[in-house]
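**Student:** Below are the structure tokens for one structure; questions will follow.
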Amino acid sequence: MKKIICMLLAVMLLPVSACAQPVEPDLSAYDTSGKAEIPMEILGGLDQATREDLLEEPKYVALTFDDGPRADTTGRLLDGLLERGAAATFFVIGEQVPCNEDLLRRMRAEGHQIGNHTYSHVRLLKAEKDMVVEEVHKTEVLLKEAVGEGDFWLRPPYGLIGCERSKLIKTPMIYWSVDPQDWKLLDKGKVVDAVLAAVQPGDIILLHDFYSTSVDAALEIIDRLQADGYAFVTVEELFRIQGVEPQEGTLYARPDRVREVK
Ligand code: NI
């Protein structure tokens, strides 16, 4: 949205300052987030369709990254998210926490959500109940040591947990609604295309910050969708925006869609 307004202002200012160096317009007076307050003098010069497009509510979506953190890929992703003003959610593996505490602290400081992806990426569906509890708890302890208190929502590895074991989980659980299979494609362009072909407002997109191609894809997805009016929020924020109170032990594909566990 901000980009569109910048472009519009730049075009409008062009005739009066055609010979001068382009100057970035001062937009500080306007709230360009959410339902933008666009000055009437600009709206007045636009056709109806463009005007409605500019005033449209942002379309919210959550990017989620599993299997990190990984020093060489996650750091670059965080740089790209910061540049773009995009928030994301990271479901981290407990084993990956030692030596990557700085990345986790950075995630929290920069407004991202941190979640639990078990300690050693086990198949919870088949694991002994004691092991399920331990895999989740051990990661929680490591996360608390790294970033402080928090409610670390669980993404079960492979999205599998089962009815019995889900009763052992004391936080909401997050599945996904868009899965481009980035780990299999390992191709930036194909991952971008797969996400753009499927995404709808309110979706939770599954990616893995473990792969460099997925980081490249994520940044392009953000650029393309932001240009189309999308805003990137954490999973927690997506629930809040949609007015859904997430329940512990429940697996959500999106805030408005519970995934059945068998
Ligand atoms: Ni995973």
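**Student:** State which residue is nearest to the ligand (Cβ to nearest atom) when the search covers only the stretch 218-233 and only residues that are within 20 Å of I174 (Cβ to Cβ) and small (G, A, S).
**Tutor:** A218
**Student:** If you don't mind, another one. Among what's in the stretch 111-130 and is more than 14 Å from the ligand (Cβ to nearest atom) and farther than 20 Å from E164 by Cβ, pick the residue that is surrounded by the fewest Cβ atoms within 10 Å (Cβ to Cβ).
**Tutor:** Checked the stretch 111-130; the qualifying residue surrounded by the fewest Cβ atoms within 10 Å (Cβ to Cβ) is G111.
**Student:** If you don't mind, there's one more thing I want to ask. Give the residue that is nearest to the ligand (Cβ to nearest atom), with candidates limited to residues of the stretch 147-165 that are in a helix (DSSP H, G or I) and under 21 Å from the mean Cα position of the chain (by Cα).
**Tutor:** So the residue we want is P157.
**Student:** If you go through the stretch 240-262 one residue at a time, how many are outside any strand (DSSP E or B), surrounded by 15 or more Cβ atoms within 10 Å (Cβ to Cβ) and in contact (Cβ under 8 Å) with a residue 60 or more places away in the chain?
**Tutor:** Residues in the stretch 240-262 being outside any strand (DSSP E or B), surrounded by 15 or more Cβ atoms within 10 Å (Cβ to Cβ) and in contact (Cβ under 8 Å) with a residue 60 or more places away in the chain: 6 in total.
**Student:** Continuing with the same structure: Out of the residues in the stretch 80-96 that are part of a loop (DSSP other than H, G, I, E, B) and away from the ligand (no atom under 16 Å from the Cβ), state the one that is farthest from the chain's Cα centre (by Cα).
**Tutor:** Checking each candidate, the answer is G85.
**Student:** Here's another thing I want to ask about it. Take Y252 and tell me if it is of a type in the set (F, W, Y), at pLDDT 95 or above, touching a helix residue (DSSP H, G or I) at 6+ places or on another chain (Cβ under 7 Å) and on the phi < 0 side of the Ramachandran plot.
**Tutor:** no
**Student:** Next question. For V133, which of the numbered conditions (1) surrounded by fewer than 18 Cβ atoms within 10 Å (Cβ to Cβ); (2) within 16 Å of the ligand (Cβ to nearest atom); (3) not in a loop (DSSP other than H, G, I, E, B) fails to hold?
**Tutor:** So the condition that V133 fails would be (2).
**Student:** Right, here's the next one. Restricting to the stretch 207-231, and then to whatever is in contact with a strand residue (DSSP E or B) (Cβ under 6 Å, 6 or more places away or on another chain) and not in a helix (DSSP H, G or I), can you tell me which residue is surrounded by the most Cβ atoms within 10 Å (Cβ to Cβ)?
**Tutor:** D209
**Student:** Name the residue that is nearest to W176 (Cα to Cα), counting only residues in the stretch 200-219 that are within 13 Å of the chain's Cα centre (by Cα) and acidic (D, E).
**Tutor:** D203
**Student:** Kindly provide the set of residues from the stretch 166-190 that are closer than 24 Å to H112 by Cα and either away from the ligand (no atom under 16 Å from the Cβ) or assigned to a loop (DSSP other than H, G, I, E, B) (or both), ordered by number.
**Tutor:** Of everything in the stretch 166-190, those that are closer than 24 Å to H112 by Cα and either away from the ligand (no atom under 16 Å from the Cβ) or assigned to a loop (DSSP other than H, G, I, E, B) (or both) turn out to be I169, K170, T171, P172, Y175, W176, S177, D179, P180, Q181, K188.
**Student:** L160 is checked against (1) of a type in the set (A, V, I, L, M, F, W, C); (2) open to solvent by 30 Å² or more (accessible area, probe 1.4 Å); (3) closer than 23 Å to T74 by Cβ and fails just one. What number does that condition carry?
**Tutor:** Among (1) of a type in the set (A, V, I, L, M, F, W, C); (2) open to solvent by 30 Å² or more (accessible area, probe 1.4 Å); (3) closer than 23 Å to T74 by Cβ, the lone unmet condition for L160 is (3).
**Student:** Return the pairs, sorted by first residue and then second, in which the second residue is open to solvent by 10 Å² or more (accessible area, probe 1.4 Å) and part of a loop (DSSP other than H, G, I, E, B), the first residue lies in the stretch 99-128 and is farther than 21 Å from P156 by Cα, the beta carbons are less than 7 Å apart, and the residues are 6+ apart or on different chains.
**Tutor:** Close Cβ pairs satisfying both conditions: G111/A87.
The values are calculated or read from the model by the stated rules, or taken from the named source; none is laboratory data. Computed from a predicted structure; not experimentally measured. Note: ideal-geometry Cβ built from the backbone for every residue, glycine included; neighbour counts use all protein chains shown. The accessibility values were calculated without ligands, DNA or RNA, using every heavy atom of the protein model including side chains. Shrake-Rupley method; radii C 1.70, N 1.55, O 1.52, S 1.80 Å.
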